[in-house]
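The values are calculated or read from the model by the stated rules, or taken from the named source; none is laboratory data. From a predicted model like this one, the values you see are computed outputs, not experimental measurements. All Cβ positions, glycine included, derive from the backbone under ideal geometry; neighbour counts span all protein chains shown. When the accessible area is computed, the model is the full protein with side chains, heavy atoms only, and any ligands, DNA or RNA have been set aside. Shrake-Rupley method; radii C 1.70, N 1.55, O 1.52, S 1.80 Å.
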Amino acid sequence: MNRREFLQAGSATVASGVGARHTLLQPASIWASPRPVAPSDTVRFASIGVGVRGCELLRSTLRVPGVECVAVCDLYDSRHTSARQALNKTIPAIRNYKEVLNRQDIDAVIIAVTDHQHRKVFVDACAAGKDVYCEKPMSHTVEDGFAMVEAAQKANRIVQIGSQRVSSILYARAKEIYDSGKLGDVYAIEAYWDRNSLGGAFVCPIPPDASEQSIDWDRWLGGAPKRSFDPVRFFRWRCFTDYGSGLVGDLFVHLISGIHFVTGTDTVPQRAQSTGGLFHYKDGRDFPDLIETFYDYPNFRVMLRCNLNNAQGEFFGFYGTKGTLIIRDSTVAYTPQNVRSEPDEYTVSWWPTAMRDEYLGKWKAEHPLPGASDFTLDEQTEIHALPDDYSDVVHHEANFFAAVRSRKRLVENEEFGNHAALGCHLANYSYFQRTAAVWDPVARRITS
Ligand SMILES: NC(=O)c1ccc[n+]([C@@H]2O[C@H](COP(=O)([O-])OP(=O)(O)OC[C@H]3O[C@@H](n4cnc5c(N)ncnc54)[C@H](O)[C@@H]3O)[C@@H](O)[C@H]2O)c1
């Protein structure tokens, strides 16, 4: 249900006086009506990696009070222009991020480089004393994640990973409902994110100025296997194991982060079993265009899917013994289940009539129907929607910069980000090794 449908449904409900309760969620005050920040409290930051996401993040910072971007870095020169355009101002733009880390007037960095570069830039930034907003998935490998956790904690840095749902008021409401116990016991959770477009399948256009002159290809490869300049790999890096993690690193990570946040889970899944395949996009990519993974957690099971061949959008279902919680696009809905005791009429339907009638009569006498006043508002379906101008990206950034000032540890900190990324690595391990992937928490490695 989109916001327009939600509002239409809401007014129909009010007119008829029946059905679900509808609420338009209100953004938290830090994001909605921020107090002015004293100039002395302004957080000065730099952005490292100002590609598509980096520029999107930069533009969003214009809505966050008390922050100022003072430099940007990228290995592709046209990105320097794009970043300046995103900010509507001319600031220093360079290739080598180390020059930015050496600046003492910079408090924090936003890291939105390709996944395989996260670890190096993150570890260097922590060592240089910068607080870090790092894009998801936090790590490209299991080892990367633990090295990053260690670097952040050793340098006592404020860290936030960039799965913005964790700051969203939609997910906060979902969590409230989950924590209230209204769902009963939740043993089954499913989520999917399905798309059906070239962009959604990472088939990004190659800009006409892409060349070895405009791009520092060797530095971009970093620790990845050496190869000659290949703009397809540079711009469609998500398709290749050397630089990205495919669908799971791009999309599962948001689903896992959302589920961990709502359920208050702070662990790595114990086991993952994936299936899927590369059915449509046979363009030389390493990753499948359909992946489905079943995860074992201590108290529930999770089923995730990403399909690039049908646009079902993004969906979460939390299935409890007393109710169902659905997050779809910009709405979250709770629907109670009928948990009243019912006589087993089917089984007794072919008992001899007298025996059946006696059984049902006795059962009904022992279980009188509740009166109208026994139903409470809690048992109604409720639907909550985001307001039009709400941005969870701005909210996520606002939370990060507030923590840079307060020094309070964030929810989506390095441990949270590492756990979510490890869920992704388990899914890919299982897919490629064609076996169940088991997390060994002592050895900190994936085994079969
Ligand atoms: N949170 C979200 O919803 C979301 C959305 C999109 C992308 N992302 C993440 O953001 C990151 C960037 O994705 P993108 O789509 O912007 O990719 P992109 O290819 O458009 O941009 C990445 C940029 O990083 C630069 N870069 C790489 N290594 C560098 C280095 N060592 N120094 C300086 N610059 C370097 C590249 O030159 C490139 O311009 C990825 O981790 C991706 O998973 C997150």
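What do you get for chymotrypsin sites (Phe, Trp or Tyr not before Pro) in the stretch 340-448 restricted to DSSP loop and a cutoff of at most 15 other Cβ within 10 Å of the site's Cβ?
Values: sites: TYR346, TRP350, TYR359, TRP363, PHE375, TYR390, PHE400, PHE401, PHE416, TYR429, TYR431, PHE432, TRP439; in loops: TRP350, PHE375, TYR390.
Sites meeting the loop and neighbour criteria: TRP350, PHE375.
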For the stretch 144-230, rounded, prolate or oblate, judged on the Cα gyration tensor with a ≥ b ≥ c (square roots of eigenvalues), a/c < 1.5 rounded, else prolate if a/b > b/c? oblate
On the accessible surface of the stretch 302-412, probed at 1.4 Å with all protein chains in place, carbon and sulfur together account for a percent value of 54
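Can you show me the helix-derived [θ] at 222 nm for the chain, built from DSSP H runs with n ≥ 4 at -39,500 (n - 2.57) apiece and divided by the number of residues, rounded to the nearest 500. Don't skip to the answer; put the middle values down first.
On the way: 15 runs with 153 residues, N = 448.
Result for the chain: -10000 deg cm²/dmol, rounded to the nearest 500.
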For the stretch 306-366, what relative contact order do you get, as a whole percent, if you take Cα pairs closer than 8 Å and at least 6 residues apart? 18
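Pairs of alpha-carbon atoms within less than 8 angstrom and 6+ residues apart define the contacts here; what relative contact order does the chain have, in percent? Show your work: numbers first, answer last.
On the way: 850 pairs, mean separation 99.8, N = 448.
Result for the chain is 22 percent.
Please identify the longest segment of the chain free of exposed trypsin sites (Lys or Arg not before Pro), where exposed means a DSSP state other than H, G, I, E or B and no more than 11 other Cβ atoms within 10 Å. If you can, show how the numbers build up before the last one.
Values: sites that count: LYS89, LYS226, ARG227, LYS282, ARG340, ARG407, LYS408, ARG434.
In short, 90-225.
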Whose amide H sits under 5 Å from the amide H of SER163, counting only residues 5 or more places off or on another chain, with H placed in the peptide plane? LYS136
Got a sec to turn the phi values of the stretch 413-424 into Karplus ³J(HN,Hα) couplings, 6.51 cos²θ - 1.76 cosθ + 1.60 with θ = phi - 60°, whole Hz, x for Gly and Pro? 7, 5, 5, 4, x, 5, 4, 5, 5, 5, x, 5
Can you tell me which lysines have their Cα less than 25 Å from the Cα of LYS182? Leave out same-chain residues fewer than eight positions away. LYS322
Calculate, for the stretch 225-318, the solvent-accessible area per residue in square angstrom, rolling a 1.4 angstrom probe over the heavy atoms of the protein chains. 37
Using θ = phi - 60° and the Karplus curve 6.51 cos²θ - 1.76 cosθ + 1.60, what whole-Hz ³J(HN,Hα) does each residue of the stretch 197-206 get, with Gly and Pro shown as x? 7, 4, x, x, 9, 6, 8, 7, x, 9
Counting heavy atoms of the protein chains only and a 1.4 Å probe, report the per residue accessible area for the stretch 117-194 as a whole number of Å². 33
For the stretch 193-276, the percent of accessible surface on carbon and sulfur atoms (probe 1.4 angstrom, ligands and nucleic acids excluded) is 50
May I ask you to evaluate 6.51 cos²θ - 1.76 cosθ + 1.60, the Karplus curve with θ = phi - 60°, for each residue of the stretch 341-350 and list the ³J(HN,Hα) values in order in whole Hz, giving x for glycine and proline? 5, 10, x, 7, 5, 5, 4, 8, 4, 10
Hey, if you drop one equal point scatterer on each alpha-carbon of the stretch 58-172 and run the Debye formula without solvent, what base-10 log of I(q)/I(0) do you get at q = 0.11, 0.16, 0.17 Å⁻¹? -0.37, -0.80, -0.90
Spatial separation of Cα centroids for the stretch 369-448 and the stretch 145-220, in angstrom: 10
How big is the gap, in Å, between the Cα center of the stretch 282-303 and the Cα center of the stretch 77-95? 37
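Could you tell me which of the pairs LYS98/LYS408; LYS136/LYS282; LYS154/LYS226; LYS120/LYS226; LYS226/LYS282; LYS98/LYS226 are separated by over 20 angstrom between their Cα atoms in the structure shown?
Details: LYS98/LYS408 27 Å; LYS136/LYS282 26 Å; LYS154/LYS226 32 Å; LYS120/LYS226 17 Å; LYS226/LYS282 24 Å; LYS98/LYS226 22 Å.
From LYS98/LYS408; LYS136/LYS282; LYS154/LYS226; LYS120/LYS226; LYS226/LYS282; LYS98/LYS226, over 20 Å: LYS98/LYS408; LYS136/LYS282; LYS154/LYS226; LYS226/LYS282; LYS98/LYS226.
For the chain, what is one quarter of the convex hull surface built on the Cα atoms, given in nm²?
On the way: hull surface 108.4 nm².
With every direction weighted equally, the projected area is 27.1 nm².
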